[in-house]
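The values are calculated or read from the model by the stated rules, or taken from the named source; none is laboratory data. Here the structure is a predicted model, which means the values were calculated and not measured. Every residue, glycine as well, gets a Cβ built from its backbone with ideal geometry; the counts of neighbours run over all protein chains shown.
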Number of protein chains: 2
Amino acid sequence: MTHPTSPPPPRTHLDNGGGAPWHPLAREALAQSLADGWADPRRLHAEGRRAAALLEGAREAVAAVLGARTPEVRFTPSHTASLHGAVAQVARARRRRGRDVVVGATERAATLHAAAHAADRHDGRRVLVPVDGVGRVDGDAFAMALGAPGVALAALQHANGEVGTVQPLDVVHAAARERDVPLLVDAGASVGHLPVPQAWDLLAADPADWGGPAGVGVLAVRHRTRTASDGPEDPDPWAPGGVSVPLAFAAAVALQAVEADRVAQDARRRALVDRVRASVATIPDVEVVGDPDDRLPHVVTFSFLYVDGEALVGELDKAGFAVGSGSACTAATLEPSHVLAAMGVLTHGNVRIALDRSTTSDDVDRFLAVLPDAVGRVRDMLGAGDL
Amino acid sequence: MTHPTSPPPPRTHLDNGGGAPWHPLAREALAQSLADGWADPRRLHAEGRRAAALLEGAREAVAAVLGARTPEVRFTPSHTASLHGAVAQVARARRRRGRDVVVGATERAATLHAAAHAADRHDGRRVLVPVDGVGRVDGDAFAMALGAPGVALAALQHANGEVGTVQPLDVVHAAARERDVPLLVDAGASVGHLPVPQAWDLLAADPADWGGPAGVGVLAVRHRTRTASDGPEDPDPWAPGGVSVPLAFAAAVALQAVEADRVAQDARRRALVDRVRASVATIPDVEVVGDPDDRLPHVVTFSFLYVDGEALVGELDKAGFAVGSGSACTAATLEPSHVLAAMGVLTHGNVRIALDRSTTSDDVDRFLAVLPDAVGRVRDMLGAGDL
């Protein structure tokens, strides 16, 4: 190993949506549960029963926060797996009643792909409901789409993880119940940050977003909602082979911890985001996107004209700040964000800031101090000064 | 919390197949990788790149042990997910060349179910190749079955995790290559215990079996083997949403550690198992099953007449010994073991012993000292004395 001669700059992590650092209590819970939770919870002996009890305790704790009954909560291998499984299993169970899948245009890629796959398998259609300029569907339009004949299920997120906008779940779920169409709510960007919505038939939540581990997901399915596995027979069709008991336990502990001071964190982070929004708006040729009020408390996204988003992420990274690219949820593909495209806003030159519970006011001030110069450097590199 | 007034009896864990305690180095690796591996490895900033580097290092380490190239190795959510995914993706890629799936009769339930599911989806058949009294397929018979027209793929385990018997992979893989039929080898009970076989096109291995964590699986796919996802589009069709980087890293560290002293552990555990086999054979009305020589070094299973297997597991558990039930791989269902049924041996009154690397000679002696009385008590409970 070689060591650099000068220490690296201090790091400030402002990319805490879907990938927040572990909550300190989650780390402790993991260490503790390795002692009791290493065994296979399906085994009959004392070690297996202890692991099973830990897993059941984790389900109970998660269910209490979600407003669900314990048997309604499942652990899955990932948030993506929750969304894939929910869409596939409901579509299969209801294939004689409907074939179409109605989804919001700014849903996560996993939901959009799962909807396309389910529609394709059952010879139906994926129906995209458009959003307005802040990224919100029209509740009545969504209700009309899911009320059409032949709809198997509908999916709408609670809040968008890229731009923060909250969706009108109450009106949509009321319409869904009236038409007997199950509604899948992706709360993967909101649980731990906003009050948990109760307007759902299936609710997916993401431990990696609230300071728990990646590698485990949470899916709640109301007992009245029919599902049918479309995979091989398995004792757990939502997580064939089971999940890591220590990870599930750490996820539950982290959720309890963040829920305990959620209201205080909401006010604190909302104020910080307001400061970011006001400060960024003073940089020339910028657009701050998403609803300014009815939104996630900790997320803000902005788009700069004459800027390449990936280059700006790299420039800020060199300055010690980790931020998300505008295509944060699909960074692997480096394609323009489908969310921003659906909103009709600038799809290039985006960065997303998502504040952690550990993010300080000083962190935000230092970020705002370097941002204008970073934008300027990227614009200079692109020769935008000549435009 | 209340505390019992007397300490519980010391525990001896002899159910280490597919659910061994974590190797001490795996625990250390997990703790270390939480510092560097918590971020989403798909993100572009320094934290994301560090997590990606950890994951890539884990792939390299696993590939080196498996005799594979790094790009051939995937992490999956579980060993079951590896087997499900391998069967489904090969069957789909080859659906125009064949529809049938050939499998050994004593394969893991996950493989048998995946084969049935794939055959059903493509209007083909699942062809079961029978085993002999020690649980071994006839190599020529397996070769003949996979050489029949219309075979999409074949699956045969390296060694059976319930009874230890090793399968004739070399002759079967030679035949498979000749007929251009991909062979999936389930090495989930053998990697870390026996030399890794090289006669495979897809190889699945189970970290939870070698002292690594549950909640992550390993699948190697030779570069020449065609696969096609049958699920929704995703950047990682083998693990949609990704896996836990710290778990994958811990799995790789554990594998390197156990491989480093595998030969010494082989001799030591083989001698202990020989002692168990000889001692158990002196108990009346017992059958020690599986091949006595060409087998896993650490596994032994025996069946007692006039004994309920679950009751015996419970009796030994009370005496401080954790052992597997004969239906170890399907304990959740409490059904008789399909492995033992396929071998034509007694399917009730079974227990399986799987020795960990930490199991001592003294542990085995104490177990052998309590076993005859435990069997006697269960027989008395069932009134076997009156038979």
Consider A:Asp291 against the criteria (1) out of contact with any strand residue (DSSP E or B) (no Cβ under 7 Å at 6 or more places or on another chain); (2) part of a loop (DSSP other than H, G, I, E, B): it satisfies all of them except one. Which criterion is unmet?
(1)
Out of all the residues in the range A:10-40, which are of a type in the set (Asp, Glu) and outside any loop (DSSP other than H, G, I, E, B)?
A:Asp15, A:Glu28, A:Asp36
Criterion (within 12 Å of chain B (Cβ to nearest Cβ) and either of a type in the set (Phe, Trp, Tyr) or part of a helix (DSSP H, G or I) (or both)) met by exactly one of A:Pro246, A:Pro235:
A:Pro246
Subset of the range B:8-37 [at the interface with chain A (Cβ under 7 Å from one of its Cβ atoms) and either farther than 22 Å from B:Thr360 by Cβ or in contact with a His (Cβ under 7 Å, 6 or more places away or on another chain) (or both)]:
B:Asp15, B:Pro21, B:Leu34
For residues in the range B:85-137 being in a loop (DSSP other than H, G, I, E, B) and among the acidic types (Asp, Glu), which is farthest from B:Val288 (Cα to Cα)?
B:Asp123
Complete set of residues in the range B:200-251 that are within 24 Å of B:Ala39 (Cβ to Cβ) and in contact with an Asp or Glu (Cβ under 8 Å, 6 or more places away or on another chain):
B:Ala214, B:Gly217, B:Val218, B:Pro240, B:Gly241, B:Gly242
For the range B:63-77, does any single residue satisfy the condition of being over 25 Å from A:Val313 (Cβ atoms), within 12 Å of chain A (Cβ to nearest Cβ) and not in a strand (DSSP E or B)?
yes
Would you check if there is a residue in the range A:27-47 being among the charged types (D, E, K, R), buried (at least 21 other Cβ atoms within 10 Å of the Cβ) and modelled with pLDDT of 95 or more?
no
If you go through the range B:126-144 one residue at a time, do you hit one that is surrounded by 24 or more Cβ atoms within 10 Å (Cβ to Cβ) and touching a His at 6+ places or on another chain (Cβ under 8 Å)?
no
If B:Ala189 meets every condition in (1) in contact with a strand residue (DSSP E or B) (Cβ under 8 Å, 6 or more places away or on another chain); (2) over 30 Å from A:Leu55 (Cβ atoms); (3) not in a strand (DSSP E or B) apart from one, which number is that one?
(2)
Per the filter on the range B:249-265, residues in contact with a helix residue (DSSP H, G or I) (Cβ under 6 Å, 6 or more places away or on another chain) and either more than 13 Å from every other protein chain (Cβ to nearest Cβ) or among the aromatic types (Phe, Trp, Tyr) (or both) are B:Phe249, B:Ala252, B:Val253, B:Leu255, B:Gln256, B:Ala257, B:Glu259
Go through the residues of the range A:62-84 one by one and say whether even a single one is surrounded by fewer than 18 Cβ atoms within 10 Å (Cβ to Cβ) and touching a strand residue (DSSP E or B) at 6+ places or on another chain (Cβ under 8 Å).
no
Does any residue of the range A:229-251 turn out to be surrounded by 24 or more Cβ atoms within 10 Å (Cβ to Cβ) and acidic (Asp, Glu)?
no
Answer residue from the range B:281-307, given it is aliphatic (A, V, I, L, M) and buried (at least 21 other Cβ atoms within 10 Å of the Cβ) and is farthest from the chain's Cα centre (by Cα) among those:
B:Val307
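The rows are residues; the columns are (1) part of a loop (DSSP other than H, G, I, E, B); (2) basic (Lys, Arg); (3) modelled with pLDDT under 95.
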| site | (1), (2), (3) |
| --- | --- |
| A:Ile283 | yes, no, no |
| A:Val313 | no, no, yes |
| A:Val345 | yes, no, yes |
| A:Leu368 | no, no, no |
Being within 22 Å of B:Ala341 (Cβ to Cβ), within 14 Å of another protein chain (Cβ to nearest Cβ) and of a type in the set (A, V, I, L, M, F, W, C) is the requirement here; does B:Leu128 meet it?
no
For a quick check of your reading of the model, give me the residue pairs whose first member lies in the range B:263-275 and is under 16 Å from B:Phe367 (Cβ atoms), whose second is at pLDDT 95 or above, with beta-carbon atoms closer than 6 Å and at least 6 apart or on different chains.
B:Arg269/B:Pro297; B:Arg269/B:His298; B:Arg269/B:Leu355; B:Leu272/B:Leu355; B:Leu272/B:Val364; B:Val273/B:Val300
Given the options A:Ala105, A:Ala88, name the one that is over 16 Å from A:Asp209 (Cβ atoms) and more than 10 Å from chain B (Cβ to nearest Cβ).
A:Ala105
